[in-house]
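Everything on this sheet refers to the single structure shown next.
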Amino acid sequence: MVSSILTPGTIFLMILGAINLAYPEVDLWVALLINIVPVAIMVLLCFKAKPDTQVQIMTGRQSVNKNVVVPNAGYKSVIK
């Protein structure tokens with residue numbers, strides 16, 4: 001029971017830290033809002049949408065994240 005509450009919070013904070021690392025010019029509060037919007041949308045989808053719709057939307061979101069985060073992470077590590 002405790003891990004079902006701690007794990008999503010840990011992942012949320014890890015993504016927040018990744019946004020802060022990849023884009024240091026973004027304020028932490030802005031990064032928090034950037035992170036909470038997709039989480040809130042997914043929570044609403046879980047309650048309202050069919051499972052097939054949920055999977056399609058999350059698959060699309062993951063592909064966008066990979067295309068944005070991975071190239072930027074490599075670019076930042078080469079510069080330093």
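Quick rundown of the values:
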{"item": "Every pair of residues 6+ apart whose Cβ atoms lie under 7 Å, when the first sits in segment 21-34 and is surrounded by 11 or more Cβ atoms within 10 Å (Cβ to Cβ) while the second is among the small types (Gly, Ala, Ser)", "result": "ALA22/ALA73"}
{"item": "Any hit, segment 56-74, residues being assigned to a helix (DSSP H, G or I) and modelled with pLDDT of 80 or more", "result": "yes"}
{"item": "Conditions (1) surrounded by 10 or more Cβ atoms within 10 Å (Cβ to Cβ); (2) in a helix (DSSP H, G or I): number failed by ILE5", "result": "(1)"}
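The values are calculated or read from the model by the stated rules, or taken from the named source; none is laboratory data. Computed from a prediction, not measured in an experiment: that's the story for all the values here. Positions of Cβ are backbone-derived with ideal geometry, glycine not excepted, and every protein chain shown enters the neighbour counts.
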